[in-house]
Each structure stands twice: as C-alpha cells, then as structure tokens.
1. With respect to ARG244, is the statement that it is surrounded by fewer than 20 Cβ atoms within 10 Å (Cβ to Cβ), within 16 Å of VAL321 (Cα to Cα) and more than 26 Å from the chain's Cα centre (by Cα) true?
2. Write out, first by first residue and then by second, each pair whose Cβ atoms fall under 6 Å of each other, whose residues are 6+ apart or on separate chains, and whose first residue, in the range 76-91, is over 23 Å from PRO122 (Cα atoms) while the second is of a type in the set (A, V, I, L, M).
3. For residues that are of a type in the set (D, E, K, R) and either surrounded by 13 or more Cβ atoms within 10 Å (Cβ to Cβ) or in contact with a helix residue (DSSP H, G or I) (Cβ under 6 Å, 6 or more places away or on another chain) (or both), scanning just the range 32-58, find the one that is nearest to THR2 (Cα to Cα).
4. Checking the conditions here, which among ALA224, ALA212 is in contact with an Asp or Glu (Cβ under 7 Å, 6 or more places away or on another chain) and buried (at least 21 other Cβ atoms within 10 Å of the Cβ)?
5. Which one of these is closer than 30 Å to ARG156 by Cα, of a type outside the set (A, V, I, L, M) and in contact (Cβ under 8 Å) with a residue 24 or more places away in the chain: GLY114, GLY54?
6. What's the total number of residues in the range 117-145 that are among the charged types (D, E, K, R) and touching a residue at least 60 places away in the same chain (Cβ under 8 Å)?
7. Out of the residues in the range 129-160 that are in contact with a Phe, Trp or Tyr (Cβ under 9 Å, 6 or more places away or on another chain) and of a type in the set (A, V, I, L, M, F, W, C), state the one that is farthest from VAL113 (Cα to Cα).
8. Looking only at residues in the range 1-23 that are farther than 16 Å from GLU55 by Cβ and over 44 Å from the mean Cα position of the chain (by Cα), which one is surrounded by the fewest Cβ atoms within 10 Å (Cβ to Cβ)?
Amino acid sequence: MTEPVVRVPRRDAERIRRQLADTDSLAHDRRILEEDGWVYLPVRPGIDRSLLPGEPIDRALPSMEPPPVRDYRELLAGWSADDRALLPRSYDVIGEIALIRLPPGLAARGAEVGEALRRFVPGVRRVGADYGVHGPARRRRVEPLAGSGPWRTRYRENGIEFEVDVEQAYFSPRLAREHARVAGRVRPGERVYDLCCGVGPFAMTIARDGRAAAITAVDSNPAAIALLRASRARYPWAERIEPREASVERFSESAPPVERVILNLPHEGIKYVPRVATLVTSGGELQYYEVVDRGTADRRPAELVATLAGSGRWSVRERHVVHPYSPGADLIAFTLVREEA
C-alpha cells in the first residue's frame, strides 16, 4: 500500500525533515527510508503536497514500531496524572502469579491495573491485589484483579522449584538472597530448626547444600507443610528435611537444642524469642528477622541481647538490612550467638 512521501537528496534530508516536523506535516507512523542517495520522508495524508519541499511521490514505507514498554504503568497512559501518581512502582511475581499492593484510592480501578500487569509481565496468568498476611497461619488475603486459574503455582529460586499457593501459605520472593546466605552459614554436621517455615525455602536451600546433618521445618499452617512436602518429594536430597505441623510453643516443649535456629516471623517473632533461645546449643546461632524502624535500628541489638538475658550469654554477631519494608522501616536480619559457657 502506497502513501504520500517526500523524496529529497540525502544532503538536504535533515533540513527538510525539521521543516516538515515544524509544520506538523511529518507522519510518525512510518519509518524514514534511505535508498540510493535519496531519503524518503513520510508525510501526513491530506497535506497539500504542492506546498511541501522536495519531490512528492507515493510509495510504501515500513511502519514505525512502537517503543518497547518498560513499565506496566505505560499501559495506563489514559489515566489522569493524579491517578498515575498513586500507581505502585513495585510488585511481586511468584511463578505465574503477580501480586501488587494497591492504595485505597485505586481500589475501584484494580481490574485495569491487573490487566496492565498481566499484559506486561511475561508468563503471568493471574494478578491479585495483596492485602497482607493475617492470622496465626500467616495466610495472605488476595483479591483477584485479572486473569484466571488457581493461586497455586511453582516458583524457582536458587535452582530449586517450590510449590507455592500465595493465598494459603506464606512465601516471599524477595528473600532469595537471604535464603542462600543463611544456607551458606551452615557448618558440616549442624542440626537446624526452621521455625515458622512457610513453604520451606530456608530448609530446602540448606538441604540442597548438603552440610546439615538434620533439618526440622516447623509451621502451624497445614497448607504450608503440605506444600513443603510436595516440593520435598521432587528432590532426593530433600529427604533430610523433617516437616512438622506444630506451633512454636508446642514444638519447643520437647525439642532438644540444636546448633542453628531460624525464626522468620518479622512482626510477631519477638514474643517467641526467649522460648526459641532455649533451643540453641552453646556456641549455636539464632537467625532472627524483625521489621525495625530506622530511628531505633542502632539500639535494637542491645535490646535483643537484654531480652535473652535469662537464657545464658548472648551477642549479636551480625545484622544487616534484608530489604526496605516501608518508608520508615526495614526488614533486618540479626545473627544472635549463644556464647560458650
């Protein structure tokens, strides 16, 4: 299909292109073509060609491909500036599921946001609004926004494929580096308790590395333990994991002390810390996670040591920010060491 074009010598092409652009005569849906010393500039239909510089002709030019979309928010270009300013920049992708936290002002337009994310993220079949983790079983409240199918999916991290159900059991895709870091601290022959384990990413990563003698993964949510068992069944090396459906209180009543304990319960874990400390042998480590206000972060290690004063001598060997949690707080990992007697 031919369309209106201006043919000009190569030496005059840039000058005439600017002239066409300044008079709003240049078409932007087709590419400029250079051929045999001539440049072919597309012009808009309906323009009086007798007034155009260069030689007006008709010929086909390739269509202009739109620039690649680099942000899902670009797919919502028709929104007002105020609404676009409310759009979250970040979201989580877990296998075939995308989750996004919508501010209250956008709740009524969630379907539009969900469809934009579904189109933008390759491989995503369902998008949900994430309203956080609730209750002792740490189940996430999710509202469907776009797409279809179950909330259960498979997620690959650190070379391991996990069974995940974003609605039924806790899992965060933002902790992959932390799972690998903690697994790297495990010394040969250690026994490990992974408390409030969710679907078991700490336990599975430690088992894959092969240094731990035994790993017990504990959670009170039966759905989490079932998902861990499904992931565990896929790998022969995961047989060293013992999944246990139990609360921290019930498990700690009879469990013997071990060399390493992990407690990833950032909002409520502090109430269990004195009890969990009794599960750590002399010289062992407690890997503890907490959401901490930045203004109090420097004094938090001393406060944690004071909390453990009734269960021997403790020190904080290491602390680091895992990731920002909110504008004023971070998720912090504390490595607490029970000093040798």
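1. Working: surrounded by fewer than 20 Cβ atoms within 10 Å (Cβ to Cβ): yes; within 16 Å of VAL321 (Cα to Cα): no; more than 26 Å from the chain's Cα centre (by Cα): yes.
When the stated conditions are applied, ARG244 does not pass them.
2. Once the first residue is over 23 Å from PRO122 (Cα atoms) and sits in the range 76-91, its partners that are of a type in the set (A, V, I, L, M) give LEU86/LEU106.
3. The initial filter retains those residues of the range 32-58 that are of a type in the set (D, E, K, R), namely 34-36, 44, 48-49, 55, 58.
After this cut, where a residue has to be either surrounded by 13 or more Cβ atoms within 10 Å (Cβ to Cβ) or in contact with a helix residue (DSSP H, G or I) (Cβ under 6 Å, 6 or more places away or on another chain) (or both) as well, the list is 44, 49, 55.
Numbers: ARG44: 13, ARG49: 15, GLU55: 15 Å.
Per the criteria, the residue is ARG44.
4. Numbers: ALA224 fails: in contact with an Asp or Glu (Cβ under 7 Å, 6 or more places away or on another chain).
Among ALA224, ALA212, only ALA212 is in contact with an Asp or Glu (Cβ under 7 Å, 6 or more places away or on another chain) and buried (at least 21 other Cβ atoms within 10 Å of the Cβ).
5. Working: GLY54 fails: closer than 30 Å to ARG156 by Cα.
Criteria check complete, one pass: GLY114.
6. Filtering the range 117-145 down to residues among the charged types (D, E, K, R) leaves 118-119, 125-126, 130, 138-141, 143.
Now restrict to residues that are touching a residue at least 60 places away in the same chain (Cβ under 8 Å): 138-139.
Number of matching residues: 2.
7. Top of the filtered list is ILE160.
8. First pass over the range 1-23, keeping only residues farther than 16 Å from GLU55 by Cβ: 1, 14, 18, 21-23.
Remaining after also requiring over 44 Å from the mean Cα position of the chain (by Cα): 1, 14, 18, 22-23.
On the way: MET1: 5, GLU14: 11, ARG18: 11, ASP22: 9, THR23: 14.
By that ranking, first place goes to MET1.
The values are calculated or read from the model by the stated rules, or taken from the named source; none is laboratory data. Remember, it's a predicted structure, so these values are computed and weren't measured experimentally. Every residue, glycine among them, receives a Cβ derived from its backbone with ideal geometry; neighbour counts consider all protein chains shown.
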